[in-house]
Amino acid sequence: MRAAVLADIHGNLPALDAVLAEVDAAGVDAVVLLGDIALGPMPAQTLDRLTALGDRAVWVHGNCEREMVTAFDGGEVPGPFGADAAASAALIGQAHRDLIGGLPLTVTLDIDGLGPVLFCHASPRRDDEMLLVDSPPERWAEVLDGVDAPVLVCGHTHMPFDRLAAGRRVVNPGSVGMPYGHPGAGWALLGPDVTLRRTGYDAEAAARQIGAGQHPQAQEWAREYVLNHYSDTEALEAFTAIAREQAGSSA
């Protein structure tokens, strides 16, 4: 089996379409959707496009799926992104809600050349845990304790990397819809090895398409995440602070 891994699409349909064109050309057997799929400017269209992949799609839930389901069901989403979850949830239907509400936290596939690969959004134990390329060894050892698979693929931080940690290979494909540190849509091709890919697309045209949608912050979203790109330094600084808070709260 060969697989394409698409993480953190965040409802960016133009970026997704560009990636799927390259995925089709690669002739993969599976398309692993690594969570944080639809929270963004075009949530329903994104879910419809991915549902059309049929059995090739392998779905994993992220924190944004959990938050969108909570908002759709009338609950309050705590934290700074509650309004974003509510705005995206208002643009999907019951079938979309039921789809993202029933996704697993982890999936394991046997990939050619790599063996068993464990896929998760953030970590094998939480859908919102910050695992960074420079997270300390003891943090990795704690997170990977009990994981049998020799390869772990996770997303959540929107920055690609491929490293060894606690005796396992850990890969982050980056983000399709909201990449940090580079333009274009990040994803990964697995089998027989790991290839981190970046797909370019017309940012100006994508911003116009997104901005014409029904999301109340569509134009602002397009400016911030399609026309602009946060640097890896900015993202690592913000995420490291969150990771330290999480480590302290679990101590």
Checklist entry - If r is the Cβ-Cβ distance from R49 to E234 and R0 is 35 Å, what FRET efficiency results, to the nearest 0.05? => result 0.70
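Near D134, within a Cβ-to-Cβ distance under 14 Å, what is the net charge of the other residues, with Lys and Arg +1 and Asp and Glu -1?
Net local charge, D134 excluded: -1.
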Checklist outcome for this item: With all protein chains in place and a 1.4 Å probe, R66 shows an accessible area in Å² (nearest 10) of 110 Å²
Checklist entry - When ranked by the protection proxy of mean other Cβ atoms within 10 Å per residue, highest first, what sequence do the peptides 152-164, 234-246 form? => result 152-164, 234-246
Checklist entry - To the nearest 0.05, what FRET efficiency results for E245 and R163 with a Förster distance of 30 Å applied to their C-beta separation? => result 0.85
Checklist entry - How many percent of the accessible area of the chain is carbon or sulfur, using a 1.4 Å probe? => result 51 percent
Next on the checklist: Students often check this: by mean Cβ neighbours within 10 Å, which of 103-116, 8-21 ranks highest, and how do the rest follow?
Outcome noted: 8-21, 103-116
Item to check | Relative packing of peptides 166-172, 179-185 - highest average C-beta neighbours within 10 Å first | outcome: 179-185, 166-172
Next on the checklist: Tell me the per residue accessible area of segment 1-80 using a 1.4 Å probe; a whole number in Å² is fine.
Outcome noted: 33 Å²
Next on the checklist: 5 Å is the cut-off here: which amide hydrogens, built 1.01 Å from N in the peptide plane, fall below it relative to D36, excluding neighbours closer than 5 in sequence?
Outcome noted: G62, N63, C64, E65
Next on the checklist: What does the C-alpha gyration tensor say about the overall shape of segment 1-143? Classify as rounded when a/c is under 1.5, otherwise prolate if a/b is larger than b/c, or oblate.
Outcome noted: oblate
Checklist entry - Under the Kirkwood approximation applied to all pairs of distinct alpha-carbon atoms, what is the hydrodynamic radius of segment 1-48 in Å? => result 10.9 Å
Checklist entry - Length gain on complete extension for the stretch A21 to Q94, per 0.36 nm per residue less the alpha carbon to alpha carbon distance? => result 23.4 nm
Item to check | Rounded if a/c under 1.5, otherwise prolate or oblate - the chain, Cα gyration tensor axes | outcome: rounded
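The values are calculated or read from the model by the stated rules, or taken from the named source; none is laboratory data. In this text the structure is predicted, and so the values were computed from the model without any measurement. Ideal geometry is used to build each Cβ from the backbone, glycine not excepted, and the neighbour counts take in all protein chains shown. Heads up: the accessible areas ignore ligands, DNA and RNA and are worked out on the full protein's heavy atoms, side chains in. Shrake-Rupley method; radii C 1.70, N 1.55, O 1.52, S 1.80 Å.
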